[in-house]
Amino acid sequence: MGGLSIIEEIKLIKPSMEYAQEIMDFRRELQAANDADGFAGCSGLEGCETTEEWLHILDEREKQESRPGESVPSNAYIAVHLSDNRVVGIIDLRHHIDHPILGVWGGHMGYSVRPSERGKGYAKEMLRLNLQNCRERKMDKVMITCSRENIASEKTILAGGGVFEKEVCVDGEYIRRYWIVL
């Protein structure tokens with residue numbers, strides 16, 4: 001990739017109505033790709049018909065007292081390409097994993113890169129930037145997981161400093177657990 005490095009090309013920001021069209025374009029592209037892991041880390045975007053609906057869900061998930069159901073407090077960020085304001089990815093950050101699913105196989109974060117932007121290093125940069133968010137939250141370590149078959153995600157986790165701990169079987173699928181010490 002010529003020109004600027006990825007580090008200079010994207011930033012993680014809190015989703016807002018300023019990016020409403022880009023967010024919905026991102027959603028449509030993921031739906032069209034029909035990727036089983038496509039909406040990982042998208043904090044419910046797949047079930048939202050509008051950006052307003054998704055932003056409301058995100059606001060609820062940020063607060064311990066108003067989070068829906070048994071979820072844990074979390075933040076979601078859109079990865080925005082600086083040169084054209086295109087949303088190239090979404091990554092979330094769960095404040096803790098003291099939860100029966102997250103503590104076993106869900107982990108502290110999930111992420112998704114727009115199908116047309118995959119293979120360009122965005123996931124690695126999104127993870128790097130989100131690890132900075134973890135440090136700001138004074139987290140000591142984070143667990144990140146991926147399915148055994150998701151080689152691209154595994155490479156991203158390893159590039160971010162992930163250390164393999166073990167595999168767990170969830171509904172017949174093998175999930176790999178990695179820890180990153182901050």
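The values are calculated or read from the model by the stated rules, or taken from the named source; none is laboratory data. From a predicted model like this one, the values you see are computed outputs, not experimental measurements. A quick note on method: Cβ atoms are made from the backbone with ideal geometry, for glycine too, and the neighbour counts reach across all protein chains shown. For the accessible areas, the whole protein counts, side chains as well, though only heavy atoms, and no ligand, DNA or RNA atoms are used. Shrake-Rupley method; radii C 1.70, N 1.55, O 1.52, S 1.80 Å.
Within segment 130-165, the residues that satisfy the criterion of being of a type in the set (Gly, Ala, Ser) and at negative phi are SER147, ALA152, SER153, ALA159, GLY160, GLY162.
Taking (1) of a type outside the set (A, V, I, L, M); (2) in contact (Cβ under 8 Å) with a residue 60 or more places away in the chain; (3) not in a helix (DSSP H, G or I) in turn, SER153 satisfies each apart from (3). So for segment 107-125 (the condition being in contact with a Phe, Trp or Tyr (Cβ under 9 Å, 6 or more places away or on another chain) and among the hydrophobic types (A, V, I, L, M, F, W, C)), does at least one residue qualify? The answer is yes, given that some residue of segment 107-125 is in contact with a Phe, Trp or Tyr (Cβ under 9 Å, 6 or more places away or on another chain) and among the hydrophobic types (A, V, I, L, M, F, W, C). For segment 79-91, state whether one or more residues are free of Cβ contacts under 8 Å to residues at least 60 places away in the same chain, out of contact with any Pro (no Cβ under 9 Å at 6 or more places or on another chain), crowded, with 18+ Cβ neighbours inside 10 Å and of a type in the set (Val, Ile, Thr). No - not one qualifying residue is present in segment 79-91. If the condition is being more than 10 Å from GLY44 (Cβ to Cβ), open to solvent by 30 Å² or more (accessible area, probe 1.4 Å), at pLDDT 85 or above and not hydroxyl-bearing (Ser, Thr, Tyr), then segment 61-78 contributes only GLU62. Residue count for segment 149-169, restricted to those that are more than 15 Å from GLY106 (Cβ to Cβ) and at pLDDT below 95: 3.
Let's see how each residue does on (1) in contact with a strand residue (DSSP E or B) (Cβ under 7 Å, 6 or more places away or on another chain); (2) under 24 Å from GLU9 (Cβ atoms); (3) open to solvent by less than 10 Å² (accessible area, probe 1.4 Å); (4) assigned to a helix (DSSP H, G or I):
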| residue | (1), (2), (3), (4) |
| --- | --- |
| HIS108 | yes, no, no, no |
| GLY119 | no, yes, no, no |
| ARG128 | no, yes, no, yes |
| CYS134 | yes, yes, yes, yes |
| MET139 | no, no, no, no |
| LEU158 | no, yes, no, yes |
| GLY161 | yes, yes, no, no |
| LYS166 | yes, no, no, no |
| CYS169 | no, no, no, no |
